[in-house]
Structure formats: structure tokens, C-alpha cells
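So the structure is just underneath, and the comments pick up after that.
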Amino acid sequence: MTDAAHFDDLPAPQAAAGGTPAGLQPARVLTRRRALVAALNLVTLALVMAGAAKVFGAGGWTVTDIIIVACVALGAPWTVMGVWNALIGLWLLHGRKDGLAQAAPHMEAAASDAPILLSTAVVMTLRNEDPERALSRLAVIRGELDRTPWAGRFSFHVLSDTDDPAIAAAEEAAMRRLAPTLRAQYRRRAVNTGFKAGNIRDFLRREGRGSDLFLPLDSDSLMGAQTILSMVRVMQAHPRLGILQGLVVGAPSASAFARVFQFGMRAGMRSFTMGAAWWHGDCGPFWGHNALVRAAPFRTRCALPVLPGKPPLGGHILSHDQVEAALMRRAGWEVRVFPTEAESWEENPPTILDYTRRDLRWCQGNMQYLKLLGLKGLRPMSRFQVFAAVMMYFGAPAWMLMTCAAVAKILEGEAGSQVDLAFGVAMMLVMLAMSLVPKLAGWADVALTRGGVARYGGRLRFAAGALAETVFSMLLAPVVAFQVTLFLVGLFVFRRSVIWGGQQRDARALPLRVAAGGLWPQTLFGLALGAAVLWGAPGALVWSAPVLAGLVLAIPFAVLTASPALGAAMSRAGLCAIPDEYAPAPALAAAVGEAAPGTARAA
């Protein structure tokens, strides 16, 4: 009898004496780690706040001083937390021989060759996506698993919420064409109640009831068979592990925007994720895809509540994954991350407009968590994660308001007389350095890993990519922060929401008029700020340049980074290339072709 047959009637598991539910770690160890991380963050934040108070409290406090310091208090904690996650991860990766075991003790089972005993439903969800692109990737996963002895343990399912008739017809045609290879069940709901989470829940109540595990995939997901089998073996070895989230990296792209973005994410993700796993422990993340989930407790214990009130903040929960992780841990099963790079990919947005649309969808979903902060029975760590998921988006308006207040202070004529200018410049450099720490830790990880830099095309290419990504991030950050600020005002004041539909993933040129139509508010805001600084304190332009440049140049930046010609040139030069472009895994080569656009050639 497999566990799906008897978990429904099983009481919530109890932790082994003094341990986590899966017995992976003593609970007191995680408690000490969390206390240490909290202390490190609070002390660092206190130093930042003391520095801000020294800068803006010189000569007495004004309204603008208070606003600026309050905004620092709201925005800085998430920067500080990123610093310590990255530094702890770097220490685990290169300062300890047992770093992986300390952060992820469950990973020992990933290297075993144990027979696969559990059944897994591989589930791809679609909503108005390109069906040929999505289902071809799913067929690659099926082919990978078919070449192992354990193909019979996996079933494939396509769950569609598509409401566009033309795309629905294309889905059905693609399913017919790929039927001999894919061998998947397909169903399309007429009404997408509960969105993606509702579709998966319907599946688990019906077709998926006989499966021990399920593997949710987005339409851009791709995984290799060995990674899937390793994750199944971890779940087999630890029956009280409810969710195992795989580390997901960006696939090679022909888009210049996606290339640069995923270069930075790829280099920095390992140290950041390892550091977070060290203290998150049994309350790990769930990103909703490329993860293994134990079906029975998920079905019976992780039903999402319908929030009171009307959409966009009420009704069905849009950003379901973090809530489901919290509910799984509340029910007594652990949630862990697979923190090492493996064959697990997704595609990143090809333009800045696509990126901000996706970010605003996540922002809207996370704002619904405000109604879940008091949810009964959550573990303290899970409740903190739900809180942090909300607050990290409030960091954007905090920094934008702080920028406006700083300009107002300049116009008041107080910048020189009532601010400790020298100390203020030092504080600005400290905050800039702190924002770069996760990147620096990621680059250090690559440099310290044997053969790490070679995987990125060598020292020169890696250094050039790091420089390009730093400039890119500095230009991107104020554009996104301003967009999030506008969106939050519209969401809370005017109840405006975004549409959750299909996402664009193909590289394409961005016409100037389209870029201008989406980014003119940033440009006007940047020009207004620049004019105010120039009029009130011309010498401050150099210090405000990083923020002003991103805002003023938003439109040409969007057009340039979407340019197919620039993407092709970067690919030929190997600029911001990722390891998969030089040595693509078989699954990736089958999905995109070894000579596909965006694939770099080894020197």
C-alpha cells in the first residue's frame, strides 16, 4: 500500500522527541539559528537606523527628516536580510566541509540509487499559453523519464484553464499531435475557479487521488529525469517531508534583457538559497512549480481559504504557493528546498514590460496575505514568511517616498545646513554596498568553486558579465520600484488589479511607442526629480545619478534590452552567458536545440 492510500485518515504527524517532523534536525538547533539570524539582522538594522538618524537629525528634526528615516526603517530590513542570507550561504559553501548537510540534511538521500517506489503525477497547468512550446517541453520530460527503469511510476497530466477559443483549439491539436510521445491526460475547465491552485485541487480530488506525489510544472518549466528521480528519492527517504522545492534557474534566452537578468540570478541564487535554508529549515519555500508535493496531505490539509471581501484583495488567493507551504507545515509536514543546481529550468521575461507585468501579478497576490497574517495555527517561522512576502513589496514605495522627501529637503534649502553631509555620503555608500552583497557573494561563490568561472566562459567573460549585470540592475531597480509604487496606490485606493493571463516568453523587439506607452510616468518623474535637484543643489546630481538615470532612461533602456540584435551580439560574444549555453544538459538541448538562438559557443 502506498502512502496516498492511507494518509487521508492519518492524524497530523508529531515531531520526533525534540526534532522536526521528519526527524532531520533537532528543533533546538533551528531555534538557535533563527535567534542568531534575528540578532544579526536587528543589530545591523539598528546600526543603519542610527546612521540615518545621525545624518538627518543634525540640527534638529523636520517633517522631511522624519519621513526619510521612517522610509529607511521600512525598506532596509529586506536589504539587510538579503545580506545575511548571502553571507551565511557563502560561509556554508566555502567555509565548512559539511555546509550542505548543515543547511539541507535531507540531501543525503538524493545521491542514492534506491528503487523508485512512489507514484508521481507530473502536472502541467496552462492558461492561454503557447501550447506547442509548453507541451513540447513536457514531451521532453516524458522522454527523459521513459529512458529510465522507472517510467511506469510517472503519469502525465495537462490541466488547462484556457478561455481563449483559438488557443484552446491549438491546445487540443497539440495534444493530438504529441499523444504518442506524451501519453498524457488532458482536461480543460470551463470556469477557472480558484485559478491555478483551484485547478490543481480539482485534479487531486479526482484523477490524482491515486498518486503519492505530484510535480507541478508551469508552461515554461523543464526538468531532467535524474533531478526528478533524486527528488523522489528524498521524498521516499523522509515520509514526513511534505514539499521539496527544487532550485530553478533560467534557461538560455535570445533576449538581452533575460540574458542579463538570469546571469545575475544564476550566479547569486546558490549562496542566497543555501543561507536561507540554513535557518528556515523545516519551513522552507514553495514556488508553485518544479517541486515535489506529497499529494494526500496537500489535498486534505492545504485547502486555501476564500478571503472575505471582493477582489482584488478578497476572494480566491492568487499567489497560492507560500500559503500552501505554511499550511503544509502547520499540518505537521516539513517543507524543504533542494538547494543545489540541477536540471531544473524556467524561462524569464524577455522585456522590462513583461518583467514588470509579472512582478505586479505577484505583488497583487502577495497583498492578499494581509488578510492571512492572523491565520490560526501557523508556525512562527511560517507567519514571518507570509509577513515578509507582503512587506518586501512595501519597500518599493518606501524608497520612492524617501527619494521624494530627500528632494523636498533640497528644495527647503536645508540639505547643506542641517544634514551631516560627509556622514550622509558614507551612509549612502554603505547602503549601496549592502545592496550589492548578494551579488558579490554569488560571484565569490563562482570564483571559489573549482571550474566555476570556466563554466561561465572564462574569467574575462564572467567579469564583463558581472559588470554589465551590475549596471543593468542599477538601471532596472528604480523603474520597477516606481511601477510597484503606482500599482500599490491603484490597488489600495482605486481597487485596480492586473489580469492573470498567458505570459510572453519569446524574444522580440519592443517598439518605441510601446515602451513609451508603458514607461512615460517613470521618465517624467525622473525628469522632474532631476530638475528639482539641479535647481536646488546641483552638486547633489552626482549622488542621485543612479536613481535618476534609471528613471530618465527607462524608455531607451527598455527598447535596447529588448533588441534582438543586441541579444544576438551578446550571444556571439558570450556576454552574460550561463553554464547551460556552453554545456547544455540533454533535456535542455532537446527542448531548445544546441544551436538555438541565445546559445553561446565555447571559446
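The values are calculated or read from the model by the stated rules, or taken from the named source; none is laboratory data. Keep in mind that this is a model prediction, so the values were computed, not measured. Cβ: placed from backbone, ideal geometry, glycine included. Neighbour counts: every protein chain shown. With ligands, DNA and RNA removed, areas are computed over all heavy atoms of the protein, side chains included. Shrake-Rupley method; radii C 1.70, N 1.55, O 1.52, S 1.80 Å.
Pairing residues of the range 362-381 that are of a type outside the set (A, V, I, L, M, F, W, C) with residues that are open to solvent by 50 Å² or more (accessible area, probe 1.4 Å) and assigned to a loop (DSSP other than H, G, I, E, B), at Cβ distances under 8 Å and at least 6 apart in sequence or on separate chains, gives Gln364/Ser497; Lys371/Pro308; Lys371/Gly309. Of everything in the range 2-37 that is touching a Leu at 6+ places or on another chain (Cβ under 9 Å) and either at pLDDT 50 or above or open to solvent by 50 Å² or more (accessible area, probe 1.4 Å) (or both), the residue that is nearest to Gln102 (Cα to Cα) is Leu24.
When the criteria are applied in full, Met274 fails the requirement of being closer than 28 Å to Val480 by Cβ, open to solvent by 20 Å² or more (accessible area, probe 1.4 Å) and among the aliphatic types (A, V, I, L, M).
For Gly194, the criteria (1) open to solvent by less than 40 Å² (accessible area, probe 1.4 Å); (2) farther than 15 Å from Trp287 by Cα; (3) modelled with pLDDT of 95 or more hold in every case but one, which is (3).
In the range 57-80, of all residues being open to solvent by 40 Å² or more (accessible area, probe 1.4 Å) and part of a helix (DSSP H, G or I), the one that is farthest from Trp279 (Cα to Cα) corresponds to Val63. Out of all the residues in the range 246-262, is one or more assigned to a helix (DSSP H, G or I) and either among the β-branched types (Val, Ile, Thr) or surrounded by fewer than 24 Cβ atoms within 10 Å (Cβ to Cβ) (or both)? Scanning the range 246-262, I find at least one residue that is assigned to a helix (DSSP H, G or I) and either among the β-branched types (Val, Ile, Thr) or surrounded by fewer than 24 Cβ atoms within 10 Å (Cβ to Cβ) (or both), so the answer is yes. Annotation: of all residues in the range 162-185 being crowded, with 20+ Cβ neighbours inside 10 Å and touching a strand residue (DSSP E or B) at 6+ places or on another chain (Cβ under 7 Å), the one that is nearest to Gly210 (Cα to Cα) is Leu182. Kindly indicate whether Ala111 is closer than 30 Å to Arg450 by Cα and in contact (Cβ under 8 Å) with a residue 24 or more places away in the chain. Answer is yes for this residue.
Glu207 meets the conditions (1) open to solvent by 10 Å² or more (accessible area, probe 1.4 Å); (2) within 25 Å of the chain's Cα centre (by Cα) in every case but one. The failed one is (2).
Scanning the range 456-480 for residues that are among the aromatic types (Phe, Trp, Tyr) and either in a helix (DSSP H, G or I) or open to solvent by 20 Å² or more (accessible area, probe 1.4 Å) (or both) gives Phe462, Phe472. For the range 228-245, the set of residues classified as open to solvent by 10 Å² or more (accessible area, probe 1.4 Å) and either under 19 Å from Leu588 (Cα atoms) or outside any helix (DSSP H, G or I) (or both) consists of Ser230, His238, Pro239, Arg240, listed by residue number.
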